[in-house]
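Quick one: the structure is below, and I'll ask about it shortly.
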Amino acid sequence: MSKEQEFISKYSDPVIFSTQGTPLFPSVKMAQAALETGWGKSTVAGANNLYGIKATGQYTPYWKGDMVNVSTQENYGSGYVTIRDNFRAYTNLQDSIKDHSYLLLSLPRYASVRDAQTPEEQANALQSCGYATDPGYAGKLIQIINQYNLTNLDVKKKL
């Protein structure tokens, strides 16, 4: 089994569970986790952060303020730069998965993510809402979804 298939197998159930009763697509959520971690190679310096969530904003039921400061690549329009920034640190990966859903469902800036009718629309909405600074973010998510047939997770959510 490839590292990608192992990653998908390991996180399918928690990802699907975290989207139950929500408009979030498990396929997009899985693609984000894969892209943000390099298929599990990095969870932000061991902080159990699958989604590259920065340590800003209000505390949530899943994040109580712990953080790590690490180097990251950001694109502010004139190419990539390396900066240091604070990222949320979680007790476990399940809290990271739940917190990601919590943020997408509760923050007004992600309304278009919640309104998306397809995984592709949701990926594009994430980019337009500023989830990541990578100008190719949505395209990369869609490529991962298609390459690994992650829409199967969306079907499993409905069962």
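Please determine whether any residue of the range 86-105 is under 23 Å from Thr151 (Cβ atoms), without any contact (Cβ under 8 Å) to a residue 40 or more places away in the chain and among the charged types (D, E, K, R).
No: zero hits.
Here is a further query. Name the residues in the range 18-49 that are of a type outside the set (Gly, Ala, Ser) and assigned to a loop (DSSP other than H, G, I, E, B), would you?
Gln20, Thr22, Pro23, Leu24, Phe25, Trp39, Lys41, Thr43, Val44, Asn48, Asn49
In addition: State all residues of the range 48-81 that are among the basic types (Lys, Arg) and either touching a strand residue (DSSP E or B) at 6+ places or on another chain (Cβ under 7 Å) or touching a residue at least 12 places away in the same chain (Cβ under 8 Å) (or both); if no residue qualifies, say none.
Lys54
Something else now. Taking only pairs six or more apart or across chains, which ones have beta-carbon atoms under 7 Å, a first residue in the range 121-144 that is of a type in the set (Lys, Arg), and a second residue that is not in a loop (DSSP other than H, G, I, E, B)?
Close Cβ pairs (under 7 Å, with a partner that is not in a loop (DSSP other than H, G, I, E, B)) amount to Lys140/Leu35.
Right, something else. Out of all the residues in the range 41-80, which are within 19 Å of Phe7 (Cβ to Cβ) and either at pLDDT 90 or above or not hydroxyl-bearing (Ser, Thr, Tyr) (or both)?
Selection gives Lys41, Val44, Ala45, Gly46, Ala47, Asn48, Asn49, Leu50, Tyr51, Gly52, Ile53.
Consider only pairs whose beta carbons are under 7 Å apart and that are at least six residues apart or on different chains; among these, list those whose first residue lies in the range 1-22 and is under 10 Å from Ser101 (Cβ atoms) and buried (at least 18 other Cβ atoms within 10 Å of the Cβ) and whose second residue is of a type in the set (Lys, Arg) and at pLDDT below 95.
Thr19/Lys157
The values are calculated or read from the model by the stated rules, or taken from the named source; none is laboratory data. These numbers come from a predicted model, not from an experiment. All Cβ positions, even for glycine, are placed from backbone atoms using ideal geometry, and neighbour counts span all protein chains on display.
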